[in-house]
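The values are calculated or read from the model by the stated rules, or taken from the named source; none is laboratory data. Only a predicted model underlies this, so the values are computations on that prediction, with no experimental measurement involved. Using ideal geometry, Cβ is built from the backbone for each residue, glycine included, and neighbour counts are taken over all protein chains shown. For accessibility, only protein heavy atoms count, side chains too; no ligands or nucleic acids. Shrake-Rupley method; radii C 1.70, N 1.55, O 1.52, S 1.80 Å.
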Amino acid sequence: MSLSLIFVVLLALSVAGYYMGRAAAVKASAIKRQPLHSLSSFHGWYVVLWCGVPSLLILVLWIALQGPVVEVLVIRSLPPELLAGDVGLLVSEIRNAAAGVTQIGADSKDIAKAVEHYRWLMLIAGAAFWVVVLAVAMLGLAYGRSRISTGFRARNAVERTMEIFFMIASIIAVMTTIGIVLSLLFESIAFFLKVSPVEFLFSTQWSPMMAIRPDQVGASGSFGAVPLFVGTMLIATIAMLTAVPIGLMTAVYMTEYAPKSVRAWGKPALEVLAGIPTVVYGFFAALTVAPAVRDVGLFFGLDVAAQSALAAGIVMGVMLIPFVSSLSDDVINAVPQTMRDGSYALGATKSETTLRVLLPAALPGIMASVILAFSKALGETMIVVMAAGLAANTTLNPFESVTTVTVYISALLTGEAEFDSPKTLASFALGFVLFVVTLSLNLVALKVVQRYREQYE
């Protein structure tokens, strides 16, 4: 039986439990002629929690443990001579044969017997899984239903349970973040044990190609990441020079000058840009903007590469315009109307009110939106791959081809290099440094918001 079927059954039991709990609460109130402590819907949700939560926990644990437990039982049943080799490979062979992916040879009678044992155990485990999960759901439903009475504080119990769920969700989010950071940190330490941090942070030679054999050319590799960080900052700066003025002026127009009819369709139309996949922006950059930049440069006698930082930065800036304009729009709208009225009362014009009152008042939020957009620009990959190329050049010339950190992170993690090789571990070091830079920018944004918020409150 499929896993989706048991989810449907549990959902049906939970819905039935909700209506049973609610009806039981109403009936108890009518029989005793006493008001309920909580709304009848809370009694229904209380039964749902007892029916659904324990059974779902059992379901998740069973799914996680069924395979390992069955494999341990199968390994214990194998003859000692089969366990002399690679046990993991043997278990994988048995598992694939049981699933019908591979065939067992006629001379492997012990393995064929283990395959049959594996199938039998999985069949028993699947049947027991259904029985246990449904039994727990039914027992939970019955227990929740038995607790219902006029004086039962169902609302308190439901809200306390939801509080626990929210706390668990927060813990999972925090622990996931910590896990990501620690994984980056540990792999980065492994990389820096093989490559000097001074070379990585200050050298300008980036050639991470490692030879498989000692006699191959370039066996040592070069891991100076300066060209990657220079390229990242160059493209991100061009993107911000494109996005910030246009996005900010758009926000000012939408909040202070645009008629309501224009704002009604203009703001959603801008936000649609934020939903366009980055690969589409990449095609636009590679097929339209990059050739146009090259043609304009050649017209003025400039040497412009077919893939340039300028083309990638411009398109990335276009991608960030709705990000900056939408956040700035919300921030400017949040400025108290009394500040506008006070400025107009003193005889200021609309432009003077915008420049001298609204923008300074909204500066913390605007700065935060700009820094967040800059952080987003640092992590963009697809546009750079398609419009700026893969050349790790240490240059500030926007007409040359450059690349970024994220492009090489994705490039280093593909291919056939060993996971513990410096080439692969370099991607974690690049990611860790980029994480530190992005985190620092976010902390700066937070400090800016806190400082100026106190001034205007």
Worksheet entry | Cα gyration tensor shape for the range 68-116, rounded if a/c is under 1.5, else prolate or oblate | oblate
Worksheet item: If you take the beta carbon distance between Lys32 and Arg160 as r and set R0 to 22 Å, what does 1/(1 + (r/R0)^6) give as a FRET efficiency, to the nearest 0.05?
Response: 0.30
Fill in: Protein accessible area in the chain, 1.4 Å probe - carbon and sulfur %
69 percent
Worksheet entry | Rough spin-label spacing in nm, given labels placed 7 Å along Cα→Cβ, for Arg76 and Ser196 | 5.6 nm
Item to complete: With a 1.4 Å probe and all protein chains in place, put Arg33, Arg340, Arg95 in order of accessible area, largest first.
Response: Arg33, Arg95, Arg340
Worksheet item: Along the Cα-to-C-beta direction of Asn333, a point sits 7 Å from the Cα; which residues of the range 240-259 have their amide N less than 19 Å from that point?
Response: 247-259
Item to complete: Can you tell me which of 303-313, 160-170 comes out highest on packing, and rank the rest after it, using the mean Cβ neighbours within 10 Å?
Response: 303-313, 160-170
Discussion item. How large is log10 of I(q)/I(0) for the range 304-375 at q = 0.15, 0.21, 0.27, 0.28 Å⁻¹ when the intensity is taken from the Debye formula with one equal scatterer per alpha-carbon?
Written reply: -0.61, -0.87, -1.12, -1.16
Worksheet, complete the sentence: Over the range 84-152, with neighbouring protein chains present, the accessible area per residue in Å² at probe 1.4 Å is 59 Å²
Fill in: Which labelled figure in (1) 24.3, 84; (2) 31.3, 98; (3) 29.5, 104 is Rg and Dmax of the Cα atoms in Å, once derived from the coordinates
(2)
Worksheet entry | Residue-span extension gain [Asp420 to Phe7] - 0.36 nm each, minus C-alpha spacing | 144.6 nm
Worksheet item: To the nearest 0.05, how large is the calculated FRET efficiency for Glu352 and Ser170 if R₀ is 60 Å and r is the Cβ-Cβ distance?
Response: 0.85
Practice prompt. Give the accessible surface of the range 238-297 per residue, rounded to a whole number of Å², with probe radius 1.4 Å and ligands, DNA and RNA excluded.
Written response: 55 Å²
Item to complete: Mind jotting down the three principal axis lengths of the range 10-109 based on Cα atoms? Whole angstrom, largest first.
Response: 77, 22, 16
Worksheet, complete the sentence: Taking 0.36 nm per residue of separation between Thr177 and Leu139 and subtracting their Cα-Cα distance, the length gained on full extension comes to 10.0 nm
Item to complete: Work out the count of Lys pairs in the chain where the Cα-Cα distance is under 23 Å, with the pair 8 or more places apart or on different chains.
Response: 5
Worksheet item: Packing-wise, with mean Cβ within 10 Å as the measure, how do 141-148, 67-74, 388-395, 367-374 rank, highest first?
Response: 367-374, 388-395, 141-148, 67-74
